[in-house]
Amino acid sequence: MPQFDPIDMHVGAVLRAQRLRMQMSLSDLADALGIAYQQVQKYETGRNRVSASTLYRIAKTLRTPIADFFPGSGANEVTLTALDRWDLSAGEVFARLDDPGLRKALAGLIDALGRKSAVR
């Protein structure tokens, strides 16, 4: 299996999680961006890098701040803390799940946990 850049994989995992959170299909996002759904799949797995202009359009379409794609980033660099590396590993696992129902259930669980921890 080819090695992909961890940052690209992280961006893809965030993209996928937000798309699923919004209950948007690959085709819906691809149509909104004017690209093929296969390209969105490649972005989500980190196989292809997302250009700055495309990331801007993705963030706008998914109503997500661009900074959400780069947690822990500074103004000029992206740093991976231990927590970021754990998030990246979780994102890789999520991106590799083949069962759409399982992905949706996991995204729902993560979203629910996030809401619960934000209440505290």
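The values are calculated or read from the model by the stated rules, or taken from the named source; none is laboratory data. These numbers were taken from a predicted model, which means no experiment stands behind them. Here the Cβ is made from the backbone with ideal geometry for all residues, glycine too, and neighbour counts use every protein chain on show.
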Legend entry - Enumeration of residues in segment 2-16 that are in contact with a helix residue (DSSP H, G or I) (Cβ under 8 Å, 6 or more places away or on another chain) and aliphatic (A, V, I, L, M): MET9, VAL11, ALA13, VAL14, LEU15
Legend entry - Inter-residue pairs, beta-carbon under 7 Å, first under 18 Å from ALA112 (Cβ atoms) and in segment 16-28, second modelled with pLDDT of 90 or more, 6+ apart: ARG16/GLU44; GLN18/LEU62; ARG19/LEU29; ARG19/LEU62; MET22/LEU62
Inset, instruction - State whether the residues of segment 50-69 include one that is in contact with a Ser or Thr (Cβ under 8 Å, 6 or more places away or on another chain), modelled with pLDDT under 95 and over 26 Å from ASP98 (Cα atoms). - result: yes
Inset, instruction - For segment 55-68, name all the residues that are surrounded by 15 or more Cβ atoms within 10 Å (Cβ to Cβ) and in a helix (DSSP H, G or I). - result: LEU55, ARG57, ILE58, ALA59, THR61
Inset, instruction - Scan (1) farther than 17 Å from ARG103 by Cα; (2) modelled with pLDDT under 90 for the single condition ALA32 breaks and write down its number. - result: (2)
Inset, instruction - Would you check if LEU26 is modelled with pLDDT under 90 and either out of contact with any Ser or Thr (no Cβ under 8 Å at 6 or more places or on another chain) or of a type in the set (D, E, K, R) (or both)? - result: no
Legend entry - The listed residue being within 19 Å of ASP5 (Cα to Cα) and of a type outside the set (D, E, K, R), out of ILE66, ILE35: ILE66
